[in-house]
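Here you go, one structure.
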Amino acid sequence: MRNESLKSDSFPAALNGFVPPTSAATSKHADGTLIDKYGRHVTYIRLSITDRCDFRCTYCMAEEMTFLPRSQVLTLEECLRIARCFVGLGVTKVRVTGGEPLVRPNAVWLMAQIAQLEGLREVVITTNGSQLDRFAQPLLDAGVKRINISLDTLRADRFKEITRIGDLTKVLRGIDAAKAAGFSRIKLNTVMMRGRNDDEFIDLTQYAVDQGIDIAFIEEMPLGEIGHGRQSTYFSSEEALKRLQTRFTLLPSTETTGGPARYWLIPDTQTRVGFISPHSHNFCDSCNRVRITAQGDLYPCLGNNDAINLLPLLRDHPDDDEPLKQAIMHTMGIKAKGHDFTGQMDSPQVIRFMSMTGG
Ligand code: SAM
Ligand code: SF4
């Protein structure tokens, strides 16, 4: 698929010295909400509040990572201001992500503030679960109703291999704490990797069934150079579905959580099994989201390098949200029609790691 937006190599000059256009009529619907040039409504933001993480998942980060200096990272007040501007422009859902969002001090404070924004329907979080035994209850109290927890394996030694430093026991404790706290929905996210965890898809699904929670299987995306190719470990949703069908009855569902996952139900259980298939079932036509990194880069598309840096606008105009809103509306005009990860698995064109964009 052709990338119809501005290419990054022709655009970088605009990133930091962005001058808001005087008119952004094509980026804003008559009702004041955000709409891109392909007519897609943007109602959902994914806000990364830190690039740091207590894991180093092999598919997400390089082994040696250099993290951003503090001065280049959005303050939590700046994160809140960005969320407030988007909600003022019709965004109804905010996902807080990272890096690992719960390693950022006062993340729960931010969630509580975002939850109170007028017009917001829900604030949710994606976490690796390592800190959840401490934070599950405070998150629920802050107004978070649903939570996504990443879990790629149930084997401790393999968990250590995949995350390089993670401790599975802590994550399983975190899942227990989330269940005990009583979130309305808990979903596991599993990145599928041939030869690394594909022999556990059935066990992971059974675990979700036993816990009464959902699970989504994600096709790995080529974001960032991770030191080894991804083509050999690529595993498609279709193959995973076939594998699960050898054990479970799976009924197709029209249910949606407003995201790209297509869901299947396991009868007589509370579990929905989702597949997020950026390769095999490209979901760009119905894309409703944009992403903001911890350094304030607003990426209208996960699979492209185009971005506008909101940080200078935030800091140069501390009392005026208008330039920020204009920049956001302008970004709707450069949202790419779609991504194309095919053929990029061993040579990613998107150079930033997933930990920058937050999934
Ligand atoms: N640290 C948190 C976590 O792991 O849930 C939040 C950030 S993480 C970047 C968000 C999601 O992106 C996780 O579910 C992770 O498994 C997924 N992810 C990371 N790199 C990926 C990749 N290359 N392809 C597909 N999913 C990826
Ligand atoms: Fe950290 Fe999440 Fe990336 Fe793993 S997937 S390294 S937990 S940000």
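With a cap of 16 neighbouring Cβ atoms within 10 Å, and only residues DSSP puts in a loop, list the trypsin sites (Lys or Arg not before Pro) found in the stretch 79-131. Display every interim value, and only then the final one.
Details: sites: ARG81, ARG84, LYS93, ARG95, ARG121; in loops: ARG121.
Answer in residue order: ARG121.
Moving on to the next point. Please report the antiparallel percentage of the DSSP beta bridges confined to the chain, to the nearest 5.
Here the share of antiparallel DSSP bridges comes out near 30 percent.
Considering only DSSP beta bridges with both partners in the stretch 204-342, what is the antiparallel share in %, to the nearest 5?
Working: 10 of 14 bridges.
Here the share of antiparallel DSSP bridges comes out near 70 percent.
To continue, here is another question. Just list whichever of LYS145/LYS179; LYS93/LYS187; LYS93/LYS325 have alpha carbons separated by over 21 Å in the model shown.
none
Work out the length of the dipole vector of the stretch 8-357 about its Cα centre, built from +1 on the beta-carbon of each Lys and Arg and -1 on the beta-carbon of each Asp and Glu, and round it to the nearest 20 debye.
With only Lys, Arg, Asp and Glu charged at Cβ, the dipole is about 440 debye.
Would you mind checking which residues have amide H under 5 Å from ARG272's amide H? H placed 1.01 Å from N; only 5 or more apart, or other chain.
Answer set, sorted by chain and number: ASP214, ILE215.
With no other cysteine's Cβ closer than 4.7 Å, which Cys residues of the chain count as lacking a disulfide-compatible partner?
CYS53, CYS79, CYS85, CYS284, CYS287, CYS301
Give me the angle, in degrees from 0 to 90, between the Cα long axis of helix 168-181 and the longest principal axis of the Cα atoms of the chain, rounded to the nearest 10.
Its long axis makes an angle of about 80 degrees.
Follow-up question, since we're still on this one. I'd like the distance between the alpha-carbon centres of the stretch 168-246 and the stretch 248-304, rounded to an integer number of Å.
Here the answer is 14 Å between Cα centres.
Let me ask you something else. Between the helical axis of 201-211 and the dominant principal axis of the chain, each derived from Cα atoms, what acute angle in degrees is found, rounded to the nearest 10?
90 degrees
Still on this structure: Can you pull the one-decimal nm distance between simple spin-label points at LYS160 and GLU64, each 7 Å off the Cα toward Cβ?
Taking the two extended label points, one gets 2.4 nm.
So if each residue of separation counts as 0.36 nm, and I subtract the Cα-Cα distance between ASP141 and THR249, what length gain in nm does that give?
Here the segment from ASP141 to THR249 would lengthen by 35.3 nm.
Then there's this: Could you tell me how many degrees, from 0 to 90 and to the nearest 10, lie between the Cα long axis of helix 76-88 and the main elongation axis, the longest principal axis, of the Cα atoms of the chain?
80 degrees
Can you tell which of PRO252, PRO222, PRO323 shows the greatest fluctuation in a Gaussian network model of the chain with Cα springs below 10 Å?
PRO252
Tell me, SER286, SER130 in order of fewest to most beta-carbon neighbours within 10 Å? List each step's numbers first, then the result.
Values: SER286 11, SER130 25.
The order, fewest Cβ neighbours first, is SER286, SER130.
Every number here is computed from the coordinates shown, using simple stated rules; none is lab data. What you see is a predicted model; the values in this text were computed from it and never measured. Cβ: placed from backbone, ideal geometry, glycine included. Neighbour counts: every protein chain shown.
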